[in-house]
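Colleague: Let me give you the structure first, and then I'll get to my questions.
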Amino acid sequence: MDLNAWFQKGLTAEEYIHSMTQNKEEMLSIYKRFSLNAEDKSKLEALRTQKLRGIVLTEDWCGDALLNNPILMKVAEAAGMELRFVLRDQNLELMDQYLTNGTSRAIPIYIFLNEEGSEVAVWGPRAAEMQALVMERRAALPEKDAEDFQEKQMEIYKQLREQYQKDEAIWQTVANSIIAALLK
């Protein structure tokens, strides 16, 4: 798989944001309010010489993308990394190479490349701590065949979405996870 070709095919951050029809303001709000601490900036500054690039498999309707993409954008800026956004639903050939647990087309997925176009790291769709939080909330749901399952599930997603937009500790958790993947 030619990751350089996928990178070239992707949208720039500006093009992606301009094309967004859902979650745009919420994502930009996180982007505007989040900043990396000095220690993180220093770690990422050291990556600049590697000239890394990132492919962002995403969709604007995705709640996890709403949280993770603006954090990634700040990380990429500090690391001098160019990002390209590839829409999952139009690019299943690439998505199917990065399935979560071998079966799920969960997004966002971040594929980090070196100058030659070789994969150096993959991250997503959530930080481990965020996955644990989501699983904890899902565990409280009724059985899938219960009459109120859909309603309760939507309630959980709404609560998570609100928390994603306000909880700065969550933002730092995501940043820590992405940075750790880059520094491996």
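The values are calculated or read from the model by the stated rules, or taken from the named source; none is laboratory data. Just so we're clear, the structure is a prediction, and the values are computed from it rather than from any experiment. So basically every Cβ, Gly included, is an ideal-geometry build from the backbone, and we count neighbours across all protein chains shown. Heads up: the accessible areas ignore ligands, DNA and RNA and are worked out on the full protein's heavy atoms, side chains in. Shrake-Rupley method; radii C 1.70, N 1.55, O 1.52, S 1.80 Å.
Colleague: Can you give the Rg to Rh ratio of the chain, both from alpha-carbon atoms, with Rh computed by the Kirkwood formula? Please report the intermediate quantities before stating the final value.
Modeller: Numbers: Rg = 16.5 Å, Rh = 17.0 Å.
Taking Rh as the inverse mean 1/r over Cα pairs, Rg/Rh reads 0.97.
Colleague: Excluding CYS62 itself, calculate the net charge of residues whose Cβ lies under 12 Å from the Cβ of CYS62, where each Lys or Arg counts +1 and each Asp or Glu counts -1.
Modeller: On the way: positive: ARG88, ARG105, ARG126, ARG161; negative: GLU26, GLU59, ASP60, ASP64, ASP89.
Summing Lys/Arg as +1 and Asp/Glu as -1 gives -1.
Colleague: Roughly how much of TYR157 is accessible, in Å² to the nearest 10, using a 1.4 Å probe?
Modeller: Taking all protein chains as shown, TYR157 has close to 80 Å².
Colleague: Could you check which residue among THR173, THR103, THR58 shows the biggest mean-square fluctuation in a GNM of the chain with a 10 Å Cα cutoff?
Modeller: THR103
Colleague: Sticking with this structure for a sec: How big is the accessible area of ARG161 in square angstrom, nearest 10, if you roll a 1.4 angstrom probe over the protein chains?
Modeller: Only protein atoms counted, so the area is about 80 Å².
Colleague: Can I ask one more? Using only helices, what value at 222 nm comes out for the chain when you add -39,500 (n - 2.57) per DSSP H run of length 4 or more and divide by the total residues, to the nearest 500 deg cm²/dmol?
Modeller: Per the formula, -16500 deg cm²/dmol.
Colleague: On to the next question. Leaving out ligands, DNA and RNA but keeping every protein chain, what accessible area does SER35 have, in Å² rounded to the nearest 10, with a 1.4 Å probe?
Modeller: 80
Colleague: Still on this structure, I have one more. How much area per residue is accessible in the chain when the probe is 1.4 Å and only protein heavy atoms are counted (Å²)? Write out the running numbers ahead of the final one.
Modeller: On the way: 9730 Å² over 184 residues.
Accessible area per residue, the chain: 53 Å².
Colleague: Taking 4 °C and 1.567 mPa s as the conditions, I'd like the Stokes-Einstein D for segment 1-86 in µm²/s, using the Kirkwood hydrodynamic radius from alpha carbon pairs. It would help to have the intermediate numbers written out before the result.
Modeller: Numbers: Rh = 13.5 Å.
Roughly 96 µm²/s, to the nearest whole number.
Colleague: Another question about this same structure. Compute and list, largest first, the equivalent-ellipsoid semi-axes of segment 85-184 from the alpha carbon gyration tensor, each √(5λ) rounded to a whole angstrom.
Modeller: Details: eigenvalues 163, 68, 25 Å².
Equivalent ellipsoid semi-axes, largest first: 29, 18, 11 Å.
Colleague: Right, here's the next one. How many percent of DSSP beta bridges within segment 38-128 run antiparallel, rounded to 5?
Modeller: Values: 10 of 16 bridges.
Rounded to the nearest five, the antiparallel share is 60 percent.
Colleague: Among DSSP beta bridges whose residues both lie in the chain, state the antiparallel percentage, nearest 5.
Modeller: Working: 11 of 17 bridges.
Antiparallel bridges make up about 65 percent of those DSSP assigns within the chain.
Colleague: Given the options PRO125, PRO142, PRO70, which has the most mean-square fluctuation in a GNM of the chain, springs set between C-alpha atoms less than 10 angstrom apart?
Modeller: PRO142
Colleague: Can you tell which of ALA180, LEU94, ILE107 lies farthest toward the positive end of the dipole of the chain, using +1 and -1 charges on the Cβ of basic and acidic side chains (Lys, Arg; Asp, Glu)?
Modeller: ALA180
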